[in-house]
1. Go through segment 23-57 residue by residue and tally those that are farther than 20 Å from Gln81 by Cβ and either touching a Lys or Arg at 6+ places or on another chain (Cβ under 6 Å) or not hydroxyl-bearing (Ser, Thr, Tyr) (or both).
2. Do any strands (runs of 3 or more DSSP E) entirely within segment 61-110 hold 2 or more residues that are of a type in the set (Phe, Trp, Tyr) and crowded, with 16+ Cβ neighbours inside 10 Å, and if so, which?
3. Take the residues of segment 89-108 that are in contact with a strand residue (DSSP E or B) (Cβ under 6 Å, 6 or more places away or on another chain) and β-branched (Val, Ile, Thr): which is nearest to Thr77 (Cα to Cα)?
4. If you scan segment 1-46, which residues turn out to be under 12 Å from Val92 (Cβ atoms) and part of a strand (DSSP E or B)?
Amino acid sequence: QVQLVESGGGLVQPGGSLRLSCAASGFTFSIYFMRWYRQAPGKERELVATITGAGTTTYVDSAKGRFTISRDNAKNTVDLQMNNLKLEDTGVYYCNVRVGGMDQWGKGTLVTVSS
């Protein structure tokens, strides 16, 4: 059974940093693309960052230069380092993996950027 558990969210001022982490289990972690999504209040969920099993990364334009996705295949974790946070980064951040053609999600962790 696939399980994804996010942690690390919180309240931060604009310009601040947070590091999110996702602990994964129930599948062969190292071979799957892992993704971070976010859902801002009143908006649809959007893809923020993707990392392949080999470590190749891609980002939504708004995250480029500020966010870094990384993974530890020995620990089955995927992190999202977020720097220079902006008000518009506020939302619930979800870890995602697509296994057997089905999207699997964690419960999410709330990031609030506010002064």
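1. In the first step, residues of segment 23-57 are kept if they are farther than 20 Å from Gln81 by Cβ; the result is 25-28, 30-32, 41-45.
From what's left, either touching a Lys or Arg at 6+ places or on another chain (Cβ under 6 Å) or not hydroxyl-bearing (Ser, Thr, Tyr) (or both): 26-27, 31, 41-45.
Number satisfying all stated conditions: 8.
2. Numbers: elements: 67-72, 77-82, 91-99, 102-105.
Those strands (runs of 3 or more DSSP E) span 91-99.
3. Of everything passing the filter in segment 89-108, Val97 is nearest to Thr77 (Cα to Cα).
4. Glu6, Leu20, Trp36, Tyr37, Arg38, Gln39, Glu46
Rule-based calculations on the coordinates, nothing more; no lab input. From a predicted model like this one, the values you see are computed outputs, not experimental measurements. Don't worry about glycine lacking a Cβ; one is built from the backbone with ideal geometry, like all the others, and counts go over all protein chains shown.
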